[in-house]
Amino acid sequence: MPWHVTAFHKDYKMTDPDNTPVATLLRAAEIGRKEGLRFVYAGNIPAEVGDFENTRCASCRALLVERVGYRIRDYRVTPKGTCPQCATVVPGLWHGGAYHPQEPPGGDAGSADRRIEF
């Protein structure tokens, strides 16, 4: 399952608390990765969180989707939804129609609100 760690920033009517520091966001992302989450993203501070903006293969660590903020700079997932380097299946709904749910067969993985998109 992807885990998006998002920074708070002062906006609209909520301007009292301080913005989340980059170091705090990175610390949270590192904790998630250390605990075994394979797809951890730190966001809302474009170009400040390093590799946590990208999607990497959980097996070989090849760069699959390179991002800056919400903008995709490069996209390397195959049309079959696999890593081009090691052929590991990457869960998600990908260009070319590949859909790999992270739930067991027979589950409710096909409903739109349960899909994992990268």
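The values are calculated or read from the model by the stated rules, or taken from the named source; none is laboratory data. If you're wondering where the values come from, they're calculated on a predicted model, not measured in any experiment. Reconstructed Cβ throughout: ideal geometry from the backbone, glycine too, with neighbour counts over all protein chains shown. Side chains included, ligands, DNA and RNA excluded: accessible areas come from the protein's heavy atoms. Shrake-Rupley method; radii C 1.70, N 1.55, O 1.52, S 1.80 Å.
General remarks:
- Residues that are outside any strand (DSSP E or B) and in contact with a helix residue (DSSP H, G or I) (Cβ under 9 Å, 6 or more places away or on another chain) within region 54-89 comprise just one, 69.
- Out of 48, 30, sole residue that is surrounded by 12 or more Cβ atoms within 10 Å (Cβ to Cβ), of a type outside the set (A, V, I, L, M, F, W, C), over 11 Å from the mean Cα position of the chain (by Cα) and assigned to a loop (DSSP other than H, G, I, E, B): 48
- Within region 59-73, residues that are closer than 19 Å to residue 93 by Cβ sit with their Cβ atoms under 7 Å from residues that are assigned to a strand (DSSP E or B) and acidic (Asp, Glu), at 6+ positions apart or across chains, in these pairs: 66/74.
- Test for residue 76: is it of a type outside the set (Asp, Glu), at pLDDT 90 or above and open to solvent by 40 Å² or more (accessible area, probe 1.4 Å): yes
- Among (1) surrounded by 14 or more Cβ atoms within 10 Å (Cβ to Cβ); (2) in contact with a Gly (Cβ under 9 Å, 6 or more places away or on another chain); (3) part of a loop (DSSP other than H, G, I, E, B); (4) not small (Gly, Ala, Ser), the one test that residue 40 misses: (3)
- Of all residues in region 31-58, those satisfying the criterion of being of a type in the set (A, V, I, L, M, F, W, C) and either closer than 12 Å to residue 6 by Cβ or without any contact (Cβ under 8 Å) to a residue 60 or more places away in the chain (or both) are 31, 37, 40, 42, 45, 47, 49, 52, 57, 58.
- Some residue of region 9-20 being modelled with pLDDT of 90 or more, open to solvent by less than 50 Å² (accessible area, probe 1.4 Å) and outside any loop (DSSP other than H, G, I, E, B): no
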